[in-house]
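The values are calculated or read from the model by the stated rules, or taken from the named source; none is laboratory data. Computed from a prediction, not measured in an experiment: that's the story for all the values here. Here the Cβ is made from the backbone with ideal geometry for all residues, glycine too, and neighbour counts use every protein chain on show.
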Amino acid sequence: MANYRKGRVDEQMTRETAAILREIKDPRIQKHLVTVTASEVTADLKYAKIYFSVVGADADPAEVKAGLESARGFIRARLARTLNLRLTPELSFHYDPSAEHGAHILHLLRETEVPSDD
């Protein structure tokens, strides 16, 4: 499969999964701000890794992942309807700590700011 097609499928999978997550009624997902950061589909389109991040001080990524795992069938069925693919990939969910890491870096940079002498 051409590399540009895989990139397009990755992007469409990310957008569609993010839209589907807003419809899930599971309280483990609904009470937190869950963001789909990326998706990675294998070249044969049989498997897909969905990367997510969770915002909030009390957010537990393991709890959100458990909610996503239990909703995997619903998400996959909705993706099958919206994506125009011969096969709908098997989904696996992975926590992406990059947003949390970025917030930590920003906090460190703000701590080291030097006041200007105006």
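Scan region 23-59 for residues that are surrounded by fewer than 16 Cβ atoms within 10 Å (Cβ to Cβ) and more than 18 Å from residue 92 (Cα to Cα) and the total you get is 11.
Taking the numbered list (1) out of contact with any Lys or Arg (no Cβ under 9 Å at 6 or more places or on another chain); (2) under 15 Å from residue 85 (Cα atoms) in turn, residue 22 passes all entries but (2). Cβ-Cβ distances below 7 Å connect the following pairs, each with a first residue in region 39-65 that is more than 19 Å from residue 20 (Cβ to Cβ), a second residue that is at pLDDT 90 or above and assigned to a loop (DSSP other than H, G, I, E, B), and a separation of six or more residues or different chains: 46/89. In this structure, is residue 7 surrounded by fewer than 16 Cβ atoms within 10 Å (Cβ to Cβ), out of contact with any Cys (no Cβ under 8 Å at 6 or more places or on another chain), in contact (Cβ under 8 Å) with a residue 24 or more places away in the chain and small (Gly, Ala, Ser)? Spelling it out, it is not the case that residue 7 is surrounded by fewer than 16 Cβ atoms within 10 Å (Cβ to Cβ), out of contact with any Cys (no Cβ under 8 Å at 6 or more places or on another chain), in contact (Cβ under 8 Å) with a residue 24 or more places away in the chain and small (Gly, Ala, Ser).
Go through region 28-38 and give me each residue that's in contact (Cβ under 8 Å) with a residue 12 or more places away in the chain and not small (Gly, Ala, Ser). Scanning region 28-38 gives 28, 29, 32, 33, 34, 35, 36, 37.
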